Structure formats: C-alpha cells, structure tokens
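What follows draws every value from the coordinates through simple rules; no lab data is involved. This one's a predicted model, so the numbers in the text were calculated from it and none came from an experiment. With ideal geometry, Cβ positions are generated from the backbone for all residues, glycine too; neighbour counts draw on all protein chains shown.
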Amino acid sequence: MLDLLTEVLGAVPSRCTYAEARHVATDEEDLLVRNGRVDHIDASASDGIGVRVRAGGGWGFAATRGSTPASVERALARALAIAESQPSAPARPLAAVVPARGHWSCAHEIDPFDVSLEDKLALLFAAEELLRVDPRIVRSDATCESRRVRTAFASTEGAACTQERVECGASIAATAVDGDALQVRSHPGSHGSAAACAGWEHVLGFDLVANAPRVVAEALELLVAPDCPAGRRTVILGGEQLALQIHESIGHALELDRMLLMEASYAGTSWVVPGDLGRLRYGSEQLNITADATLPGGLGTFGWDDEGVAAARTALIEAGRLRAALSDRGSAAAIGLQRSGGCARADGFARQPIVRMTNVSIEPGGAGTLADLVADTDDGLYLETNRSWSIDDRRLHFQFGTEVAREICGGELGRLLRNPSYAGVTPTFWGGLDAVCSAPAWRLWGVGNCGKGEPGQVMRVSHGTAPARFRDVQVGVA
Amino acid sequence: MSAAATAPSPAEIAERALGLAAPGGEVQVTVVRERALTSRFARSAPTQATGVDDTEVDILVVRDGHAALASTNRLDDDALRDAARRADAAARASARSGPGAYPGLPEPEPGERTDAGGFDAAAAAAGLAPELAGAALSTAFAVAAEHGLEAFGIWTAGAVRTAIASSTDLRRDEEVTDAFMKVICRDVAGRTGFASATARCADAIDAQAVTWRAAEKVDGQPLAELGPGSYPVVFEPAAVGVLLEFLGTLALNGLSHAEGRGALSGRLGSAVCAPGIELVDDPGSRRTLPRGFDLEGTVKAPLTLIQDGVARAVVHDRRSAALAGAAARSSGHATRPAGSPYGPSPTNLVLGGGDAADVGELAAPIERGIYVTRLWYVNTVREKETLLTGMTRDGTFLIEDGAITRPLRDVRFTDSVLRLLGATEALTAAQQLVSEGELYGRRFAHGVVCPALRAGGFRVSGGTQEVR
C-alpha cells in the first residue's frame, strides 16, 4: 500500500505544491447484551484513501473507498479540483517536519479479534445477569468493543510510514426508574467503554462481574437518596469525572486552531489566546498538565500523527502556568513555532486531519490514595462518574453532572446523594485545585466520543488522572 | 464517462450481495452511497474542503430473533461473501443464548409508495461541483466585508442513495439530496451573529441572504448582562429546532418509552404542552428533507406526535414496537438496519406555526426578557423531565419594553423542553427548515421545520464573565 501511495504522489502535477495520501483500513466489532438478550452484534470492515493537496494557494481533500491505483488517482484529481476552486487566500505555510519513516504498532497481549464471540458474550451475560435483580431496573447493559486500525501515510515531502493499533473496552450500566425518578450507575465509566489502546487483557482488568452487584445496588439506592444540596463546597472529583473536566476545560481550550479562530463557527474559540503561552496562570501550583502521544495504552498514542509528525510528550501547564498549546503543522506555523505539536488527527480515511487532543493528563500529585484524600477533608463531596456535561464555546463556563455524590464528613465518606451537579469558570475552578492523589491512584481514562470538525469527526482520546480536590466549588446548580 | 457513471448502482450491489449470502436465516442488505462536498471558512478565507465518495454495504442476518450486522465498503464478491458469513456466524452465536427479541424483517405490502421526492438531480450534480462552493464562500466574504466583519462557517451539499434488498422480497431504492450553509459574522471585539439555511437543493441556498442575516445580528453596542433567574424568552427557529431534536430523543423515542425511561412514558393522552402545540413527523413534506423509508425498509408516513398540546404517539422501529406490544407497529423510524441500540428517532419533525407575523410581534408583550438566536452544547441533565442545560451563542439580545434592544452576554440555561412548550404563549406563522448541519459518520441530513416562539419563565442558571 505504501508503495502505491508513494508512486501516485511521485506523479502529482507541478501546480500541486504539497500532497499527502493516507490509506486507512479499520475493523470494528461491537457487542451489547441488554435485559437478558444479545441486543446488538455488529462488525464492520472498511478501507479507503484520503488525499490532501495544496494547489493554487488553496487546500483540497478528497476521500474514496478502496485501495487501487485508480481510486488513489481519482481522489488526487478530485482534491486538486476542490483546492483550485477555493477563493484565493493568503498562503498558509506548514511548520517543517522530519519525514516520517518506518512502522509503529501498539503493544497488546491478547488480540481482541482472537477472542471468540462466544467467550465475549459469556463475559457480558455473566455481568449483565447480576444487574437484573429488581423490577425497578428497566435496563441492564453490558457492552464491549474491539477495534483495529491500519494506516499507511506518504507525502510529497518524503514521508512513508505505516502504523497499526488495537483498541478495546467494555462497560456495564444499570438504569433504575421509579415514577419520575431515573438514575443510572455504570462501571468503569460512562464514556466509550473506558477503551484503551490495548488487548483483551484490558477488558478483563475491569472485573465487570465483581462490580455488577455494587453498580445495581447504587442505582437502586440513588432512587431514594436525598438530592445533592446547593452551596459552595469542597469537592473531590473521581478519576473519570476529572478526565472529562480536563478534556472540556483544558484540552479543548488549548487547541491552537481554536485560539486562532479557525473553529469559530462550530467547535468554538478559546478564552486563551496565543499570546498567553508562557504567561497565563491557568490554575494553582498543583496543576501540571501534559499532552503525551507516547503514553502506553492511550487512545491518543501513536508513532506519528496524521500529518506524519512524530509522537511527542509536551508540558502544557507547569505549576499552574500555561506553557504550550496543542497544534498541527498549519497552526504552529501561524504563530511562528518551528515545529508542530504533533496533534493532527483524522477520523478514518474520509476525513482530513485537524488539531485534536492526544492524551492530555494531569500529572500525579502527592496526596496519597483516594482514602488518604478523603481522610484529609473535613467537609465536602465526592463526585464520581460523568452523567451530564456542557461548556460554552470559549471553554470558560461549564456545568457538569455526575451519576453519584457522597458526603464527606470528618474525613469519612457518608451518605449517597443523587443528581449532583457543579458549575464553574475555568481558571477560577483550576485555581481552587489544592491536592492531587499520588501516582498509584493515577490511571488512563478513554474518551471515545470527542466531536469536532465539519463534516463531523469523532476522535478517541485518553486522559490520565488521579482523584483531586477543589475548594469553593458551586454545587447543586441543576 | 466517469467512474461514478459506470459503477454499479446501490440497488445492483444489494441484489448481488443478497445472492451471495448463505441461505437459512433472513437477510437484509442495505447499500448506502454518499457523495458530498463540504467547504469550511474562517476569518473570511477558506480553511478546509472535503470531498467524500464512499459506499457502505450492511448485511443483516436474522436467526431465531437475533439480528447480527456486518458492514463493508469493499464491493467485490469475496468481500460481500465474507461480510455475509460474518453476519451469519454472529447471528448463530447470538442465537445460542436463547430466543431473541427481534421480530423479523418486514415484507412488502401492496400499494406501497416509497418515493418521497427528496432528490433533485440538477441540484445533486451542481451541488457536488466545487465551483458552487467556491462561489458561495466568495459571496459570504464580500457581504461580511461590506459590514466591516469577518465571515466564518460552512457550505455543504450531498447526495445519498440508499437501496435495500431482503430475503422477504422487500426492495427499496431512494436518493436524497441536501444542502446547508451556516455563517457567523464577527467584529473585531468578538461580537458575533449567526444565520443558516437548510434545503433539499444546493441552488436554494442564498449565500448572500444568509450572510446578510448573520451580519445584521452583530450589534456594536456594549454587551449587557443578565443574571440568573426566569425570563420571558423569544427563540429563533434554529434554537427551537435544537430543543425539538432533544424532545425527539428524550420523549418521542419508542424504545425509551417502552422501557419506562421516556419523558412521555405513561403520559400518552395527557396534556404535556400548551394548547395549540402541534407536532408531527412529516417525512413526505417538501418543507423538510423528505424520506420515503427507514433503514428497515418500513415506509414512512405522517405521524401526529402532539396534538393541541396532548401527547398522542411516539415513534417506533420494529424492535421497539415489538417491545411496546399491544397495537404498536413500526412507524418507519429505524435509524439503522434492525434498529439502533439507542432506539428510533423522528427525522422530519414539523412544529405548527401560530399567528405572530414575526419575532418583533413575539417580543412586543415582553417588558424584560431575552431573545435567543442559537443554542450551543446542549446536553441532558435529567431524562424523564426533559431537563437540559446549554448555552446561548452568536447573537443573544435583551428585550426591553417590547423591543429587541441590546446585545447580551451569552447565558447558561437549565430548563425542561416540555416545560418550555407548556409555557409557550405564541408562535410565528412562518416556519423554517433548520438544522445544525452536524454530519458525523455516514451522511444522514435531517432538519426540523418550526416557527419562532415566545415562552415564559426561561430559566437562566448562569451568565458569562470576562476573566481578565
């Protein structure tokens, strides 16, 4: 495949000042057991080629299914026609890159496509059955997903590389209804089956069966639990909720294309501007954020991004101070950076690369375990597992809901509270961060539903988190 | 002759794949071919332009009430045979767990009419020509410049042909076209205005008019602030459309309804909105993006959902109808073969208009309120209450003494769709086809036809503030 891409790009017309071609072959499998039956059992295989060119000062991208010379040439011709029909605009240079060469693949122990359907269904049935213990449970779900993506990339600048990644994940959820009350409890998380770039061993590590009794008990308990009261409180966020908090109020805000207004019509802009890099205080001294595309197991881990830029680890925020942004070759060049941040990612062959998160994580602190952090908190709330999320188009004003809250009284976890929510302003909220749990409490959380771009692209990213404590947070807003 | 012209049609591919499937179970082959062009722009310059030509084949096998799906975009016999084999193996594995709940594939019925008129051949050809996109962008840039503003947005057009062939002798074949343009105009201070247009035909999109409407909303006055509280509100159709899309998910989804999770569970026949609220799903209406059938092949027909404020029906696919029991049957709202795990969804909502001439007349009785042109990042807080939270964006204004007077800082709202429809006091006579133009995955363009409306007690739960 790489030879084909290289050959076609070797013959691009001279009016084309840059071209890249990407072949993507994807295999996916999704299983869902619901309410005692196999609800969905889907498998898909696709492959195709996307070609991006610059010609006449404009950019064009065309994608077509298949992997024949004719399909690559057809995509190239269409991309050129699209580029040359664009209204004239100032040239937008690309930051320089060392041409990508070689092969990369992610490590895994058990290929999820080698695990039989029967074995996967047996695991899901075993967990799901334990959720059906009460007539108020109107829906019991156990689901798993497996994914393999093979990519070949070549460019007229000499890039020629291939990559292969394997991903999988799983989750369970119980939905309880009593009258007008509806409560959901899930494990290990509520977004994207907590998937990782890993083999089936990742799914086995969730211990779905052992966690099912707790999940259903909490779903039922929430039906009769008191509402989470409103007020300004100390809050400890569990790892999964903190992952989404980072995703929405740090990750997206630090996308350089947003700062440059390139996403103003859809995803939005940012309250951060390029001139803030190196200067802005984003949060407290406890806040250390990295973007790391080399992190084992991350959904945002790769050898090269979709512009052929080598994976990197970048400190975005150090001791609360903003240091860097997430960038691709175009946005990096636009603010005079010598190199891209390596954050250009595309959703399959039919979409072009745009600035996306890789694995944007909070670094571990020194607060010990979650139990240690709770013990160190006289009065507060522990919030766990995201249920609702919303933030403005500048990534400044947010409101989140979680599946569950627990009171913290005198350093101990207390009653379960239902319908918890909290709201805040990004730098104020992160300024209230005063403790992050230590490395043993840190883990990656996969987020599989990050939407951006037009036509829409769904990206899969991960966030490393450990439970963390925030002071003076407005809770009970919904 | 182009490759597209000589390629086999989706109906021919579906027929071939059906012939390659192993006998024994029920088989449905669905073939979707998408051709689309999307041009984005920012700061009055083109940014990304994407052309897509792809064909997907979904092979569904049903055994003992278990439906399994395998998809491919490789169209040779070996690939189609392999997909059919994988679907059959999955259905067999699933069936070993005991009887399934899928009621089986539909059969054709006499006299069915499946052509909803959603295709415009000339528009399909013109809409996929990149020159048309380039011209639309140039127009937007020029109009914005006349106002001293920059333009941001998207122009997109597509043609999607869907063919179904099944072992129950059902055959479907339909092509639909769609076009969408969105423009945000922005001044140097960051104040923005929004307008959009959705149509069946690309040549029905008037780039000049859309940009003009967006530019007119960029008001140079200082931004006023509105604190948390309840206010009378006037929503433009784009905002109403977002609320109705959520109503479709939370209240009108037959699967949620049958499982007791829906906001209308146990409430059909009851008043749930203000008198006068009329909501139908009208897939044949030329005012919508018409569709003749759903992805199970069930023929679509008009369905009254809310009549004079009283909940009358929810939408079903074959799976949710079977779960609902009694007299329920599919209303033609499956969004994928054998239905989506998320349940069926209305695709052609039409909210009836009222008597008001325009938004000015809607605002006239309001002493102090809010005028909202666009909502953003709306998400569900509590499903059964249809309680949502989200932001206003790109044009929020204060209403004072019956007139739209000044631009407002965006606000956060936390409110219930059913409560807002219950508190609706007036609607404009004119309706508009609106869409967010969000086209994730395989292109499935849809929109809502609705008027602007005035409602009482819109709950603003937070404001926005500058931090430096």
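What to note about this one:
- Distance between modelled label sites at B:Glu225 and B:Asp78, nm, 7 Å Cα→Cβ extension: 6.8 nm
- Considering only the protein assembly as shown, percent of DSSP beta bridges that pair antiparallel, nearest 5: 90 percent
- Computed from label points 7 Å out along Cα-Cβ, the spacing between A:Ala11 and A:Thr369 is 6.5 nm.
- DSSP H segments from chain A that extend 24 Å or more along their own axis, Cα-based, with Kyte-Doolittle mean of -1.0 or above: A:208-224
- Note on B:Thr168/A:Ile335: beta-carbon distance plugged into 1/(1 + (r/R0)^6) with R0 of 60 Å gives a FRET efficiency of 0.50.
- Loop-located trypsin sites (Lys or Arg not before Pro) in segment B:77-179, at most 14 other Cβ atoms within 10 Å (DSSP): B:Arg96, B:Arg113
- Taking the helices alone, chain A has a mean residue ellipticity at 222 nm of -5000 deg cm²/dmol, built from -39,500 (n - 2.57) per DSSP H run of at least 4 residues and averaged over all its residues.
- Chymotrypsin sites (Phe, Trp or Tyr not before Pro) restricted to segment B:143-210 and DSSP loop, no more than 11 other C-beta within 10 Å: none
- Helix axis angle, B:207-216 relative to chain B longest principal axis, alpha carbon, degrees: 40 degrees
- Taken as Cα centroids, segment B:92-168 and segment B:446-467 sit 28 Å apart, rounded to the nearest whole angstrom.
- From the alpha carbon centroid of segment B:251-282 to that of segment B:21-82 is 32 Å.
- In segment A:315-401, the chymotrypsin sites (Phe, Trp or Tyr not before Pro) that fall in loop regions by DSSP, at most 13 other Cβ within 10 Å: none
- Shape category assigned to chain B from the gyration tensor of Cα positions, a/c cut at 1.5: oblate
- Of all DSSP beta bridges confined to segment A:324-478, the antiparallel ones make up roughly 95%.
- Full-extension gain in nm, B:Glu438 to B:Glu367, via 0.36 nm per residue minus C-alpha separation: 22.0 nm
- Alpha-carbon centroids, segment A:126-164 and segment B:170-246: separation in whole Å: 35 Å
- Counting only alpha carbon atoms, the long axis of helix B:10-20 and the longest principal axis of chain B meet at about 40°.
- The local environment of A:Arg395, defined by Cβ-Cβ distances under 12 Å, has a net charge of -3 under the rule Lys, Arg +1 and Asp, Glu -1.
- 10 Å Cβ shell holding at most 10 others, DSSP loop, GluC sites (Glu not before Pro): longest site-free stretch of chain B: B:1-366
- Charge tally around A:Glu164: other residues with Cβ under 10 Å, Lys/Arg +1 each, Asp/Glu -1 each, net +3.
- The long axis of helix B:130-146 is offset from the longest Cα principal axis of chain B by roughly 10 degrees.
- The average projected area of segment B:229-462, computed from the convex hull of its Cα atoms over all directions, is 11.8 nm².
- The protein assembly as shown shape via C-alpha gyration tensor axes, a/c threshold 1.5: rounded
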